[in-house]
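No lab work stands behind these numbers, since they all come straight from the coordinates. The shown structure was predicted, so the numbers you read here are calculated from the model rather than taken from an experiment. Neighbour counts are summed over all protein chains in view; Cβ atoms, including those assigned to glycine, are modelled from backbone coordinates with ideal geometry.
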Amino acid sequence: MLMSRTIDLSTHGAFVRTNRPLPIGAPVTVSFNRGSDRNPLMLDAEVVRSGLADGGRQRGIAIRFTDLSDLDEMLLNELINRSRS
């Protein structure tokens with residue numbers, strides 16, 4: 001398990017800060033905390049880019065979510081909307 005911080009989250013994917021690069025195409029499972037009274041949102045994804053972002057200040061991986069169910073997409077949208085408020 002690798003603990004890291006997700007930035008630039010969307011319904012299609014995210015950029016995950018990490019000092020441990022993964023190869024492009026590598027499958028990953030990401031877990032998003034939805035609050036203390038809720039189960040985490042677990043999503044399958046694949047690495048689509050590895051390197052620097054944010055003007056070279058952030059090292060990490062870009063991931064694309066795969067096989068999102070309608071429920072997964074709804075919960076992800078709720079998470080995104082909560083993070084913006």
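If you average the sequence gap of Cα pairs under 8 Å that are 6 or more apart and divide by the length of the chain, what percent do you get for the contact order? About 29 percent, as a whole number.
Karplus-derived 3J(HN,Hα) values for the range 27-34, using 6.51 cos²θ - 1.76 cosθ + 1.60 with θ = phi - 60°, are x, 9, 10, 10, 10, 10, 6, 9 Hz; glycine and proline are entered as x.
Here's how it looks for Thr18: its modeled amide H is under 5 Å from those of Arg59, Gly60, Ile61, which are all 5 or more places away or on a different chain. Helix 70-84 axis versus longest C-alpha principal axis of the chain: approximately 80°, rounded to the nearest ten. Annotation for the range 35-50 versus the range 4-19: alpha-carbon center distance of 9 Å. For Arg49, the residues 5 or more places off, or on other chains, whose built amide H falls under 5 Å of its own are Ala62. In units of the compact-protein estimate 2.2 N^0.38 Å, the chain shows a Cα radius of gyration of 1.07.
Can you compute the charge dipole magnitude of the chain about its Cα centre, using +1 on each Lys and Arg Cβ and -1 on each Asp and Glu Cβ, nothing else charged? Give it in debye, rounded to the nearest 20. Working shown, then result.
Numbers: 11 positive and 10 negative charges, 112 e Å.
In total the dipole reaches around 540 debye.
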